[in-house]
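First comes the structure, then the notes that go with it.
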Amino acid sequence: MGVMLTAGELRLAQQDGGPPTTLAAGSAPGESGVSVLGVRFRGGAHVDMKAGQHLVCFVSQVHIECRMAGRANAEHAPTGSLAICPAGIDAAADAGESVDAIIVAIEPGRLALAAAEDSALEARLIERLSGYDQGLFDLARVLALQSADGYPGGPLFWNEAASRFIDGLVARYTSGLESRPRGTLGKAVLERLRDYVMAHLDQPIEVAELAKLAGRSPFHFTRVFSRAVGVSPHRYVIHLRLQRAIELVRDGRTGLAEIAACTGFADQSHLSRWVRRVHGASLTQFAA
C-alpha cells in the first residue's frame, strides 16, 4: 500500500504482500500540522518511507529491524518503542510477526514554529532507530483513538494534544545549529521582533517595518524568517495575534468585539474565522 504524504511516500505491506488493516487515519479540523495513521500488520510487516513530513513511529511488542540514513538496528522492541525519521530521510523497517503501529506525521514548518517559540531557531529533528518515550506514546495513542472514533473530544482537544506532542519532540529530540551562518535569524532578533509585534497588536504591522528592525531588506528578511521560524512573517503576526486573543477569551473578562479590536482583527467575525481555521474550534469553545 502506498500512503501519500507531503512531498514523499510511505509504503506499508504485511506478510502476504497486501496492505495492513487501517485502524485510524487523519487529522481533526484545524492547522495542527499533525496527522496520525494506526495500522495492524498480519504475519509480518515491511515499511519503506521517505516523506516530506517528520515521522514518529510506535510499535507493539515485536522483533524489528530498522534502517535509516545508512545505519541499521535490530532489537526486540517492547510496546511503545519509537523510531524518529526526519523529513527527507530514507528509512525502512521489517518484522517477521504480527504488529500494530502508530505513525504520527508532523509538518516541518509546524515543528520549526514550536522550536522558535522555545528559542531553538532552526532546530534539527534528530533521527532515532530506537527508543522509548512514555509521554509521546501516550499522546500518540490519544491521537489514534480520537481519529478512530471520529474525534469525540472535538478539534480543540485534538489540536492541544498534537501541540503537546510537538512540544515533546522539540524538548527532547532536537539539536540546534553548532554555529549560526551569516544571514540567518538570531534569537535576539526574533525576540526583538516578537516584542515589537506584541506592543503593536492593535495596529497594522507591515513586513517592511519588521525587516527594518531586523536590519534586512523585506525580500531577504522574508526568506530568512520563513526558513528559521517555519511560517512567513505575516503568518507569524497572525499567530501572535491569535495567541493573545485566545488568552483574553479564556480569561473571560473582555468582550469578544473588544478582544478582536485590541489584537488587530477587523472585527469579531474576522477573529472567529481565523480561530476556526487554525484551531478547528469556535471562540465560545475556548471560553467554555
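The values are calculated or read from the model by the stated rules, or taken from the named source; none is laboratory data. Keep in mind that what you see is a predicted model, and the values were worked out from it rather than measured. To get the accessible areas, we keep the full protein, side chains included, count just its heavy atoms, and leave off ligands, DNA and RNA. Shrake-Rupley method; radii C 1.70, N 1.55, O 1.52, S 1.80 Å.
Just by accessible area at a 1.4 angstrom probe, what is the order of Trp158, Trp274 from largest to smallest? All intermediate terms of the calculation are to be shown ahead of the outcome.
Values: Trp158 0, Trp274 35 Å².
Sorted by accessible area, descending: Trp274, Trp158.
How much mean residue ellipticity at 222 nm does the chain get from its helices, if each DSSP H run of length 4 or more adds -39500 (n - 2.57) and you divide by all residues, to the nearest 500 deg cm²/dmol? Mind dumping the intermediate values first?
Details: 10 runs with 121 residues, N = 288.
Per the formula, -13000 deg cm²/dmol.
Report, to the nearest whole %, how much of the accessible area of the chain belongs to carbon and sulfur atoms, 1.4 Å probe, protein only. All intermediate terms of the calculation are to be shown ahead of the outcome.
Details: 6920 of 13540 Å².
Percent of accessible area from carbon and sulfur atoms in the chain: 51.
Please calculate how many Å² of accessible area the chain carries per residue, with a 1.4 Å probe and no DNA, RNA or ligand atoms counted.
Roughly 47 Å² per residue, with all protein chains present.
For Val249, tell me the accessible area in Å² from a 1.4 Å probe, rounded to the nearest 10.
10 Å²
Taking the full set of protein chains and a 1.4 angstrom probe, give the accessible area of Arg227 in square angstrom, rounded to the nearest 10.
Its heavy atoms expose roughly 130 Å² to the probe.
Report, in order of residue number, the helices in the chain meeting two criteria: a C-alpha extent of 20 Å or more along the helix axis, and a mean Kyte-Doolittle hydropathy of at least -1.0; treat each whole DSSP H run as one helix.
Working: long enough: 134-148 (21 Å, 0.76); 154-173 (28 Å, 0.12); 233-251 (27 Å, -0.38).
Answer set is 134-148, 154-173, 233-251.
Please label the shape of the range 166-239 as rounded, prolate or oblate, based on the square roots a ≥ b ≥ c of the eigenvalues of the alpha-carbon gyration tensor (a/c under 1.5 means rounded; beyond that, a/b larger than b/c means prolate, else oblate).
Values: a/c = 2.13, a/b = 1.39, b/c = 1.53.
Oblate.
With a ≥ b ≥ c the root eigenvalues of the C-alpha gyration tensor of the range 1-142, is it rounded (a/c under 1.5), prolate (a/b larger than b/c) or oblate?
Numbers: a/c = 1.65, a/b = 1.47, b/c = 1.12.
Prolate is the answer for the range 1-142, as a/c is 1.5 or above and a/b outweighs b/c.
Roughly how many Å is it from the Cα centre of the range 234-286 to that of the range 84-100, as a whole number?
If you average the Cα positions of each part, the centres end up 40 Å apart.
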